[in-house]
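The values are calculated or read from the model by the stated rules, or taken from the named source; none is laboratory data. Because the structure is a prediction, the values reported are computed rather than measured. No Cβ is skipped: glycine too gets one built from the backbone with ideal geometry, and neighbour counts run over all protein chains shown.
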Amino acid sequence: MNTKIAIVTGANSGMGLATSIELALQGYHVVMACRNEERGRIALDEAITATGSKQIELMKLDLGSLHSIRNFAAQFMDTHSKLDVLINNAGVVCLKREETSDGFEMTLGVNHLGHYLLTRLLIPALKAATQARVINVSSGAYKAGKIHLEDPNLTKRYNVIKSYSQSKLANIMFTRELAERLDGTNITVNALHPGAVGTNIGINRTTGFGTAIMAVVRKIPSFLTPEEGARTAIYLAIHPEVNGITGEYFYQQEIQELKPHAMDKSVSNFLWSWSAEQTGLPEELVK
């Protein structure tokens, strides 16, 4: 009953898998949340082999589907009494514009809206823990980002940098807004930049387009391994040093000063309200 429980999204490869393995080695019960069940089972076997842990499980989660997210949250809360750590790690980069099953621009839909809905649905489980932590994997790309208030789904003049940087800025604004709304509770919320990591993030979820490009990227010496990229997320998940710290942005295990546009309260209020509307949630958190 005292075992801490963690969910890691996008756990089938890269930083998600590395994070899952390390948390299992630290004694956590780890839920590996994966979109593709076949790849998820392969990753689960790898994690079990690497750790010898019997406290790792696989659950299906497609962050590009509001229906899948709601099913995941309901199933998790039916089978687990609490949630100590939620690591919103999954992410996509789309070289050309794509849409989720609900019609959202894919990058914003998965990287932000999917995690927004998931996190809010899991708040009752997080509140049931003694001290819970939400960790959002963002990126230094937020610096080039802008929330396109008139066209968040980028139906006009789409490009990959525009979409990805918007989604990463959204991660930070969501982190700060949620931390403020959960102030005084047992839940802390922080974001991080993992560094330049060679993962599968640029590969199309359906067609595999981009596989060859990312294979080359992963060989660039300056790129971090997934294990190196996961260090700050693991630090935020387990280290007592960050107890009570909330609403911050970390890089290399240290708090970073944000650019002014990432702290624009009017834009973050818009993003919160828009996200609630798009995901069918009330603006106010359930107390």
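Filter the stretch 209-229 down to residues that are more than 19 Å from Ala43 (Cα to Cα), assigned to a helix (DSSP H, G or I) and modelled with pLDDT of 50 or more, then give me how many there are.
Final tally of qualifying residues: 0.
With (1) over 23 Å from Val242 (Cα atoms); (2) surrounded by fewer than 16 Cβ atoms within 10 Å (Cβ to Cβ) as the list, and Glu180 as the residue in question, which single condition is left unmet?
(1)
Are there any pairs with C-beta distances below 6 angstrom linking a residue in the stretch 182-208 that is of a type in the set (A, V, I, L, M, F, W, C) and at pLDDT 95 or above to a residue that is surrounded by fewer than 22 Cβ atoms within 10 Å (Cβ to Cβ) and part of a loop (DSSP other than H, G, I, E, B), with the two at least 6 apart or on different chains, and if so which?
Val189/Thr246
Does the stretch 140-153 include one or more residues that are under 15 Å from the mean Cα position of the chain (by Cα) and either over 22 Å from Glu254 (Cα atoms) or basic (Lys, Arg) (or both)?
No: the stretch 140-153 contains no residue that is under 15 Å from the mean Cα position of the chain (by Cα) and either over 22 Å from Glu254 (Cα atoms) or basic (Lys, Arg) (or both).
When the residues of the stretch 78-95 are narrowed to those that are of a type in the set (A, V, I, L, M) and either touching a Gly at 6+ places or on another chain (Cβ under 8 Å) or farther than 20 Å from Ala276 by Cβ (or both), which ends up surrounded by the most Cβ atoms within 10 Å (Cβ to Cβ)?
Among them, the one singled out is Ile87.
So for the stretch 77-98 (the condition being over 14 Å from the mean Cα position of the chain (by Cα), closer than 30 Å to Lys146 by Cα and of a type in the set (Lys, Arg)), does at least one residue qualify?
Yes.
Could you list all residues from the stretch 230-287 that are more than 17 Å from the chain's Cα centre (by Cα) and either part of a strand (DSSP E or B) or among the aromatic types (Phe, Trp, Tyr) (or both)?
Within the stretch 230-287, Glu254, Ile255, Phe270, Trp274 meet the criteria.
Report, ordered by the first and then the second residue, all pairs with beta carbons closer than 6 Å, sequence separation of six or more or different chains, a first member in the stretch 1-23 that is without any contact (Cβ under 8 Å) to a residue 40 or more places away in the chain and crowded, with 22+ Cβ neighbours inside 10 Å, and a second member that is hydrophobic (A, V, I, L, M, F, W, C) and in a loop (DSSP other than H, G, I, E, B).
Ser20/Ala11
Which of the residues belonging to the stretch 138-181 are small (Gly, Ala, Ser), touching a helix residue (DSSP H, G or I) at 6+ places or on another chain (Cβ under 7 Å), touching a residue at least 40 places away in the same chain (Cβ under 8 Å) and in a helix (DSSP H, G or I)?
Ser163, Ser167, Ala170
Quick one: Ile69 ticks every box in (1) touching a strand residue (DSSP E or B) at 6+ places or on another chain (Cβ under 7 Å); (2) closer than 29 Å to Arg176 by Cβ except a single one, so which number is it?
That leaves (1) as the condition not met.
Just to be sure before I move on: is Gly52 on the phi > 0 side of the Ramachandran plot and of a type outside the set (A, V, I, L, M) in the structure I sent?
Judged against the criteria, Gly52 is a match.
Can Gly109 be described as in a loop (DSSP other than H, G, I, E, B), modelled with pLDDT of 95 or more, within 17 Å of the chain's Cα centre (by Cα) and not hydrophobic (A, V, I, L, M, F, W, C)?
When the stated conditions are applied, Gly109 does not pass them.
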